[in-house]
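Below is one structure, written out as structure tokens; the observations come after it.
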Amino acid sequence: MPKKSNHKKFDANFTAGGLLFHEFMVLEKLITKPNNAELLKSEESQNVYMGIATLNARKRILSEIKRRMAYAPDYFWENYYAWSEKEQKLALLFLCLKTYPVVLDIHLEVTLPKYKIGANLKAYDITMRLDELASSHPEVESWSVSTIRKINVQYRKAIQDAGLMENGKLQIPYGLSDSFWNYFINTNENWFLTACFK
């Protein structure tokens, strides 16, 4: 049995809102500016673009947006706002896989193997993996049932929104340009093509 480690590898912050596609779209004018950190900070109090009623909810979502932005490779946003909606959603999944170790773990340990054997992805498969992680990671063990359920639901919705799954059936996303895939190859993020079943 693996030793329990004191280092917290996993957190449950992905539950703040899946891909956050709408939020990344309405914040385009702020994200694409060189001083985006301070502009996003002022959006927290001013709520000009987001239209989220409570300050706490805005803070939580903006905190996750900034966290994901920190993982974006060079020229990501210039490309992102030029890509099609399908490509944008898949690119946001890329940021989630890079930002949240729990999302990457589920994707590589459950979803990818399921795709390779042609099996559908079920909520139960993800629950089993999270149970497994709980046995060696105290932070996962401490998550509530509703947090586990939320991660499960958000993850499946995210890969569906990103075009990797339809009605539980895993699929290679279609209708994407070569230049989209080339961006990930050129930024040394080739692993993402494997993550997209290519």
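The values are calculated or read from the model by the stated rules, or taken from the named source; none is laboratory data. Source: prediction; values computed, not measured. Heads up, the Cβs are rebuilt from the backbone with ideal geometry, glycines too, and the neighbour counts pull from every protein chain shown. Quick note on the areas: whole protein, heavy atoms, side chains included, nothing else; ligands and nucleic acids left out. Shrake-Rupley method; radii C 1.70, N 1.55, O 1.52, S 1.80 Å.
Miscellaneous remarks
- The single condition from (1) open to solvent by less than 70 Å² (accessible area, probe 1.4 Å); (2) in contact with a Ser or Thr (Cβ under 9 Å, 6 or more places away or on another chain) that Ser135 fails is (2).
- Residues (open to solvent by less than 40 Å² (accessible area, probe 1.4 Å) and under 20 Å from the mean Cα position of the chain (by Cα)) located in segment 111-122: Thr111, Leu112, Leu121
- Check on Gly51, of a type outside the set (Ser, Thr, Tyr), modelled with pLDDT under 95 and within 16 Å of the chain's Cα centre (by Cα): no
- Considering Phe180, Phe192, Phe184, the condition of being touching a Leu at 6+ places or on another chain (Cβ under 7 Å), under 30 Å from Glu78 (Cβ atoms) and either assigned to a helix (DSSP H, G or I) or of a type in the set (Gly, Ala, Ser) (or both) is satisfied by Phe184 alone.
- Residues satisfying the stated conditions in segment 156-198, i.e. surrounded by 14 or more Cβ atoms within 10 Å (Cβ to Cβ), among the hydrophobic types (A, V, I, L, M, F, W, C) and farther than 22 Å from Gly18 by Cβ: Trp181
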